[in-house]
1. Confirm whether Ala111 is among the small types (Gly, Ala, Ser) and either out of contact with any Gly (no Cβ under 9 Å at 6 or more places or on another chain) or open to solvent by 40 Å² or more (accessible area, probe 1.4 Å) (or both).
2. Which of the residues spanning region 238-263 are among the small types (Gly, Ala, Ser), open to solvent by 10 Å² or more (accessible area, probe 1.4 Å) and part of a helix (DSSP H, G or I)?
3. Exactly one of (1) closer than 30 Å to Val18 by Cβ; (2) in a helix (DSSP H, G or I) is unmet by Leu89. Its number?
4. Look at region 1-16 and say how many of its residues are open to solvent by 10 Å² or more (accessible area, probe 1.4 Å) and within 15 Å of the ligand (Cβ to nearest atom).
5. Can you name every residue in region 31-74 that is touching a Ser or Thr at 6+ places or on another chain (Cβ under 7 Å), in a helix (DSSP H, G or I) and open to solvent by 10 Å² or more (accessible area, probe 1.4 Å)?
6. Looking at region 270-289, which of its residues are in contact with a helix residue (DSSP H, G or I) (Cβ under 8 Å, 6 or more places away or on another chain), more than 30 Å from Asp101 (Cβ to Cβ) and either β-branched (Val, Ile, Thr) or open to solvent by 10 Å² or more (accessible area, probe 1.4 Å) (or both)?
7. Working carefully through the options Val108, Val159, Val139, Val143, find the one that is away from the ligand (no atom under 16 Å from the Cβ) and aliphatic (A, V, I, L, M).
8. For Glu77, state whether it is in contact with a Ser or Thr (Cβ under 8 Å, 6 or more places away or on another chain), within 17 Å of Cys254 (Cα to Cα) and open to solvent by 40 Å² or more (accessible area, probe 1.4 Å).
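The values are calculated or read from the model by the stated rules, or taken from the named source; none is laboratory data. Since we're looking at a predicted model, the values are computed, not measured. Please note: Cβ atoms are built from the backbone with ideal geometry, for glycine as well, and neighbour counts cover all protein chains shown. To get the accessible areas, we keep the full protein, side chains included, count just its heavy atoms, and leave off ligands, DNA and RNA. Shrake-Rupley method; radii C 1.70, N 1.55, O 1.52, S 1.80 Å.
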Amino acid sequence: MGRVVVFGSINLDTVLEVPHIAAPGETVGGFGLETFPGGKGGNQALAAHNAGADVCLVGKVGMDAAGQQMIDFYRGEGLPIDGIGNSELPTGAAFIQVERDGGENAIVVVAGANGDFTVADADAVEIAPDDVIVAMFEVPIAVNEALFSRARGIGAQTVLNPSPAHPCPPGLFASTTHLVLNETELAVLSGHPISETSSDGFIAAAVSALEAPAGMVVVVTRGPGGARGFAAGDVIPMPGRRVDAVDTTGAGDCFTGVYAARLAAGDDVETAMIYANAAAAISVTRPGAATSLPTHAEIESLLRRKWS
Ligand code: RIB
């Protein structure tokens, strides 16, 4: 069983509960404000850790109270912190509006320390052939590219979550073995106008337009609609589970982290998707990002239950 190595962002999230997400020029009265641990990299690493993987989170925090808060949180969760370094820049921060009904969100991120990575940092990451390397777009994309290229040279699997949505440079795309993305990210990468109401056929056409290299697995997460996998010419449909969502923040991170954990455990794509889909369904029923991630036992328990 390999490790899950997450090269990624760490943020302190400030969450504003709102009646609806503010439109441009609109002022909305919020119901409350809370801080939570977050950042896509930290969330993905903790999701994999909670799911039972041996995880290394490579990240950076500032030498400030927020950075200390994040380190203390990970330590309390049992997530190894030896891959987390210090930066002169402040700890990354996210400002998140979460709708009271349904838990939809909108996020503004200030990168801070997450932008303070160089290729030398990527070169210092230890990689073994059976490791699964995870990266996303909250750390510099060029550094991800160097990391994935080396990982592929060693034979490790690479999971890219191209979030926040941004076009993917060809070199990084070519070094990715598993692309896990939501509808918004698929629209940006494919140029197809995807929405949550797009048909499965439309999603499949957008995935084809990516012109993924042979062997790349593409997994599209569809929120309440579940996920669709595209692997070696096969489509793997994964319906969503009906749950009462209170906060969807971090659901994609939960999916990605658990998916990587199951790949590292040797599961095939469909099995990894089943676990990831169940984990994400649990995560949206709880507030916060890193605080909403289920344990392996909770995922197993949901999987034993009948579909609803
Ligand atoms: O994906 C959710 C995460 O995005 C939040 O935790 C926030 O920090 C932003 O990075």
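1. Details: among the small types (Gly, Ala, Ser): yes; either out of contact with any Gly (no Cβ under 9 Å at 6 or more places or on another chain) or open to solvent by 40 Å² or more (accessible area, probe 1.4 Å) (or both): yes.
In short, yes.
2. Correct list: Ala251, Gly252.
3. For Leu89, the exception is condition (2).
4. Step one: of region 1-16, the residues open to solvent by 10 Å² or more (accessible area, probe 1.4 Å) are 1, 3, 12, 14-16.
Narrowing further to those that are within 15 Å of the ligand (Cβ to nearest atom): 12, 14-16.
Of the residues in that region, 4 qualify.
5. If the condition is that a residue be touching a Ser or Thr at 6+ places or on another chain (Cβ under 7 Å), in a helix (DSSP H, G or I) and open to solvent by 10 Å² or more (accessible area, probe 1.4 Å), then Lys40, Asn50, Ala66 are the ones that fit.
6. Across region 270-289, the qualifying residue is only Thr271.
7. On the way: Val108 fails: away from the ligand (no atom under 16 Å from the Cβ); Val159 fails: away from the ligand (no atom under 16 Å from the Cβ); Val139 fails: away from the ligand (no atom under 16 Å from the Cβ).
After applying the criteria, what remains is Val143.
8. Values: in contact with a Ser or Thr (Cβ under 8 Å, 6 or more places away or on another chain): no; within 17 Å of Cys254 (Cα to Cα): yes; open to solvent by 40 Å² or more (accessible area, probe 1.4 Å): yes.
So Glu77 does not fit the description; no.
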